[in-house]
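**Student:** Pasting a structure below so you can have a look.
The values are calculated or read from the model by the stated rules, or taken from the named source; none is laboratory data. Since the structure is predicted, the reported quantities are computational estimates derived from the model, not experimental observations. A quick note on method: Cβ atoms are made from the backbone with ideal geometry, for glycine too, and the neighbour counts reach across all protein chains shown. For the accessible areas, the whole protein counts, side chains as well, though only heavy atoms, and no ligand, DNA or RNA atoms are used. Shrake-Rupley method; radii C 1.70, N 1.55, O 1.52, S 1.80 Å.
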Amino acid sequence: MQKLILVLLLAVCAVRAQQQQPAVTIVKYESQPNTGNGEYSFSYELSDGSARSEQAVLQGAGTPDEFLLVTGSFRWTSPDGQVTQVDYTADNTGYHPTVRTQGGGGGFGIPSALAASLVG
């Protein structure tokens, strides 16, 4: 019976802790909608520090090889305080991300487990 009470008490504490987390709000938002040729840009930042921005620019307009060059980034902070940022481009050759993390030691670097998974 004591174990059941302990489990129920822990469950109530967990639910209560989730309820006390502050709501995430938009602190910045900018957007330039599609210009008719596919070009656009937008960015936003949230109160929890996460953010995203993206811009698309038409390359080789009017040629058979025209394409949108998309550049952007997004970042978030994990519950343990590690900041992860992904910078990317997408063009006629594909999607090209660069992942960086920043832990307690400063500077951005890529985690070894992630690096190993990207290599092979």
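**Student:** For Gly94, indicate whether it is modelled with pLDDT of 95 or more, over 27 Å from Val24 (Cβ atoms) and small (Gly, Ala, Ser).
**Tutor:** Numbers: modelled with pLDDT of 95 or more: yes; over 27 Å from Val24 (Cβ atoms): yes; small (Gly, Ala, Ser): yes.
Yes; evaluated as a whole, the condition is true for this residue.
**Student:** Residues that are open to solvent by 60 Å² or more (accessible area, probe 1.4 Å), aromatic (Phe, Trp, Tyr) and modelled with pLDDT of 95 or more: does the range 44-62 have at least one?
**Tutor:** Yes.
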